[in-house]
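Below: the structure, in C-alpha cells.
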Amino acid sequence: MNHKSNTIRTRFAPSPTGFVHIGSLRTALFSYLFARANKGAHVLRIEDTDQIRKVEGAVENLLKVMKTVGVEFDEGFYLKDDGSVGERGEYGSYLQSKRLEKYHAAVNQLLKENKAYNCFCSQERLEELRKEQMALKKPAMYDRHCRNLSADEIKSKLEEFKAAGKNPVVRFAIPLEGSTTIHDLIYGDITYEHKVLDDQVILKSDGFPTYHLAVVVDDHFMEISHVIRAEEWIPSTPKHLLIYEALGWQPTQFAHLPLILNPDKSKLSKRQGDVSVEDFLAKGYLPEALINFVAFLGWNPKTDKEIFSLDELITEFDFAKINKAGAVFDDNKLDWFNSQYIKNLTAKNLANLLKPFWKKAGVEIKKYENEYFTAISGQEQERLKKLSEIGERTTYFFKQPEYEAGLLVWKKSDAKDAKQKLTELKHLLTGLNESKFTQKDLESEIKNFITEKKYDNGPVLWPLRVALTGLQQSPGPFEVASVMAVGLGKSEILNRIEIAIAKL
C-alpha cells in the first residue's frame, strides 16, 4: 500500500440495511479506538453493492446512532446540521455504488492476466452441483467448469449472452496449489490451503462487485492500513489476500474480533430490534454506559477497573488486550454498568433524561414543576437500572394509587389496628407545619410518636407507606412523603391517608 505517510487509517464499512446491530457498534468502536490511540484517521464507507437489501434512511440512522454514542469519523459520511448526509475526504466517493469504474478496472486487469474468468453457468446448474456435493457430504464449491473453456468457447458464449442482453459473472481464479497465511493481529498466523478455497464470484451479472472484490479495491485506494472486523470474516481473508497479490498491491493488516455470544454460548442473533443499538437507547441505557459495556465485549484492560470514559478507552486500547474467546453478552452486566452511570448524574440531569420516559408513561410533564421531577429522580437514582423503569416505579407520584384494603394491614396486625394507627398519624401530620415535611423532620416526628405511644414500627409505617404508594414494595414512607410534599403538597398526603382510612 503506497501510503503517503505511515498514518494509521481504519475504516468502518457497514451495509445500509436498517438497524445498527450491537456487533456493528463494537466493530466501529474498536476501529475508532485504534485509530485515535495511534493518532490516525477513522473512515466511514458505505458498502451498498447489495442493492436489494438497501434500506431507505439507514445511513442517516447509522450516523445519528454513532453521534449519540460518541464514535466519530474523520472522513466519509457525516450528518450536516440540517440532518442531511454530507460526504468529506479526498478518497471519495465513500459509497461503493459510485465507485464502479474502479472495480471494473480491477476486474479487467485480472481477466487480461488470466487471474479471473467469465462464468456462464446457469443458476440451475449451480443448484444441481450444490445438491450433488451435499449428498456426497462434500463442501459446496464451484467445480471450475468455466475456468477451462477455450478462447473460442469463451468468445461464442460472450456473444450468446450479449444477444440475450445478459452478462456473465466473473470469478477469481484461486491458485490451484500452495497456501496463504493470514498474519492476524489478534489470532496470530492462520494458514489456508488453496485447495479448500472457492473460485468466488467477484463481479455479478448486474455489473456490481461482490464484497470480496470491492473491499480489497476500496481499502487499497482509500489507503486503509488496518481492517478491524468480526471473526466470521476470517475464512474470506485468504481470498482477499490473494486478490491483493493478483493485483500487485500491498495488503492491509487484519484484526478479527471474537464473536459475541448469548449466555448459552450461541451466536448473538441479528433479529431486528432484538440486539440493535437503537433498542438499547430506547430502553434507557445511557450512551456512555453502552459504550463502556460494549468495549468489554472481548477486550480486557488487565486491571480491576471497569468504569472507563471514551478518552480512557482510547488511552488503554491495544490489540494485545483482546481475547480470542467469544465474548458473552450479559444483560445483567449491562444493567450494572448503566446503574453506575445513572448514580453519577446529578438529580437534575437525571430528571431531564427521565422526562421522555415519564411522558411515554402518560405523565403530563407541564403539570408539575421541575423541582418535583428532580426530587423524584433523587429518590429513585440509587435503584434505577435503566431509565425506562421510571414509569412503573413512580406512578403513585402522579396519580392516586388503587389497591385492596387488605394491603394496608401489617402482617401481625388487623384492619382495626391499621385504621387506628392511620387516624392518629393523620392527626399528627395535620398539626405539622408544611415546612416540616422533609425526610429528616418527618422521620424524627413520626419516630418520636411511635416511641411515646410504645408502638412497634411495622404496624405504623407499613399502612402509611401503602396509603401513599399503594404498593407492596416501594421506598420508605418518610422518603415518599417528603418527595410528595415537593410536588403535591401536604394536602395530598393527608388526602391519601383519609382514603386509606375510608377503605378500612
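Quick check on my filter: what residues within the range 129-168 are polar (S, T, N, Q) and more than 15 Å from LEU111 (Cα to Cα)?
Answer for the range 129-168, where residues must be polar (S, T, N, Q) and more than 15 Å from LEU111 (Cα to Cα): GLN133, SER156.
Just the residues that are in contact (Cβ under 8 Å) with a residue 12 or more places away in the chain and surrounded by fewer than 16 Cβ atoms within 10 Å (Cβ to Cβ), please, taken from the range 442-455.
Hits for the range 442-455 are LYS453, TYR455.
Among the listed residues ASP335, ASP279, identify the single one that is over 30 Å from GLU223 (Cα atoms) and modelled with pLDDT under 95. If you could, list the steps in order and put the result at the bottom.
Details: ASP335 fails: modelled with pLDDT under 95.
None of the other options fit; the residue is ASP279.
Give LYS265, LYS324, LYS302, LYS333 a once-over and let me know the one that is closer than 25 Å to GLU389 by Cα and of a type in the set (D, E, K, R). So that I can check it myself, show each step before the final result.
Working: LYS265 fails: closer than 25 Å to GLU389 by Cα; LYS324 fails: closer than 25 Å to GLU389 by Cα; LYS302 fails: closer than 25 Å to GLU389 by Cα.
Residue meeting the stated conditions: LYS333.
Return the only residue of LYS333, LYS360, LYS355, LYS302 being in the same structural domain as ASN38 (by TED's automatic domain parsing), surrounded by fewer than 21 Cβ atoms within 10 Å (Cβ to Cβ) and either charged (D, E, K, R) or touching a strand residue (DSSP E or B) at 6+ places or on another chain (Cβ under 8 Å) (or both).
After ruling out the rest, the residue left standing is LYS302.
Just the residues that are small (Gly, Ala, Ser) and in contact (Cβ under 8 Å) with a residue 12 or more places away in the chain, please, taken from the range 320-334.
ALA325, GLY326, ALA327, listed by residue number.
Confirm whether TRP233 is without any contact (Cβ under 8 Å) to a residue 60 or more places away in the chain and surrounded by 15 or more Cβ atoms within 10 Å (Cβ to Cβ).
Values: without any contact (Cβ under 8 Å) to a residue 60 or more places away in the chain: yes; surrounded by 15 or more Cβ atoms within 10 Å (Cβ to Cβ): yes.
Yes; evaluated as a whole, the condition is true for this residue.
Would you be able to say whether some residue in the range 226-237 is among the β-branched types (Val, Ile, Thr), out of contact with any helix residue (DSSP H, G or I) (no Cβ under 9 Å at 6 or more places or on another chain) and more than 17 Å from ARG45 (Cβ to Cβ)?
Checking the range 226-237: at least one residue is among the β-branched types (Val, Ile, Thr), out of contact with any helix residue (DSSP H, G or I) (no Cβ under 9 Å at 6 or more places or on another chain) and more than 17 Å from ARG45 (Cβ to Cβ).
Just for strands (runs of 3 or more DSSP E) wholly inside the range 22-103: which have at least 1 residues that are under 30 Å from VAL170 (Cα atoms), out of contact with any helix residue (DSSP H, G or I) (no Cβ under 8 Å at 6 or more places or on another chain) and assigned by TED's automatic domain parsing to the domain that holds SER269?
Filter on the range 22-103 gives 41-44, 75-79.
Please find, within the range 104-145, the residue that is nearest to ASP218 (Cα to Cα) out of those that are assigned to a loop (DSSP other than H, G, I, E, B) and of a type in the set (Asp, Glu).
GLU113
The values are calculated or read from the model by the stated rules, or taken from the named source; none is laboratory data. Keep in mind it's a predicted model, so treat the numbers as computed, not measured. Positions of Cβ are backbone-derived with ideal geometry, glycine not excepted, and every protein chain shown enters the neighbour counts.
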